[in-house]
Amino acid sequence: MIQGSCLCGGVKFEFKQAIGPFELCHCSRCRKVSGSAFLAAVVVEREGFRFLQGQELVKTYEAPVRKTPPGYKSIFCGVCGSPVPDPNDASPHFEITAGTLDDDPGLRPDKHIFSEYKSPWFAITDDLPQMDEAELRRHRLANK
C-alpha cells in the first residue's frame, strides 16, 4: 500500500497503486493551490483507496466556473491547509497531489499540462511533453 498524509498528520490515507497519468499542471488555479510553479498530481484507482484517519477534517472550496463546467475544487485539511484526496469523489479514478505521498507511487511525471499558463519566472527544462489546453483536451478525448 502507498500511504500519504497532510502536513499536520491529521489526515492519513492509503491506496493500492497509482495508475497514471502523473501530470505537472501549470494552470493558475493549480499554481495557487500548490503555492508553487505547478501542481504534481497522480491518478489512482478509487478501488483500493481508503482514509486511515481524519476524514472529518477534510474541507472543500469550490471556485467559480470560468469557461465551461466542471468548476475547480480544492480539497484540503481544515487544520493545516494541505491538499488531500476528495472523500466524496465517486469516480473510479481520481487525482492525488504527489506532494502528500509518504511513499513512492512507482510512477514518474509523464507530462506538463496547461503549459501556456506557466509562471513567467519558471522555466521548464526537462524533456517531458508539454501540452497546452487544446492539445490536452484532444488527448483526453482520444484516450477515453
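Quick notes on this structure:
- Condition met for Ile124 (β-branched (Val, Ile, Thr) and either within 30 Å of Gly10 (Cβ to Cβ) or touching a Leu at 6+ places or on another chain (Cβ under 7 Å) (or both)): no
- Residues in segment 44-69 that are aliphatic (A, V, I, L, M) and open to solvent by 20 Å² or more (accessible area, probe 1.4 Å): Leu52, Leu57, Val58, Val65.
- Cβ-Cβ distances below 7 Å connect the following pairs, each with a first residue in segment 86-111 that is touching a residue at least 40 places away in the same chain (Cβ under 8 Å) and open to solvent by less than 50 Å² (accessible area, probe 1.4 Å), a second residue that is of a type in the set (Ser, Thr, Tyr) and not in a helix (DSSP H, G or I), and a separation of six or more residues or different chains: Thr100/Ser5; Thr100/Ser82.
- Total residues in segment 54-73, condition at pLDDT 85 or above and either in contact with a Pro (Cβ under 7 Å, 6 or more places away or on another chain) or not in a strand (DSSP E or B) (or both): 5
- Looking only at residues of segment 74-99 that are of a type outside the set (A, V, I, L, M, F, W, C) and over 19 Å from Phe15 (Cβ atoms), we find that the one that is modelled with the lowest pLDDT is Ser74.
- Taking the criterion of being at pLDDT 95 or above, closer than 17 Å to Cys30 by Cβ and open to solvent by 60 Å² or more (accessible area, probe 1.4 Å), the residues of segment 121-141 that qualify are Trp121, Gln130.
- Condition check for Pro83: open to solvent by less than 80 Å² (accessible area, probe 1.4 Å) and over 25 Å from His139 (Cα atoms): yes
- Taking first residues from segment 10-25 that are surrounded by fewer than 16 Cβ atoms within 10 Å (Cβ to Cβ) and partners that are not small (Gly, Ala, Ser) and not in a strand (DSSP E or B), the Cβ contacts under 7 Å between residues at least 6 apart in sequence or on separate chains come to Lys16/Met1.
The values are calculated or read from the model by the stated rules, or taken from the named source; none is laboratory data. Keep in mind the model is a prediction, meaning the values are calculated, not measured. A quick note on method: Cβ atoms are made from the backbone with ideal geometry, for glycine too, and the neighbour counts reach across all protein chains shown. Areas reflect the complete protein model, heavy atoms only, side chains present, ligands, DNA and RNA absent. Shrake-Rupley method; radii C 1.70, N 1.55, O 1.52, S 1.80 Å.
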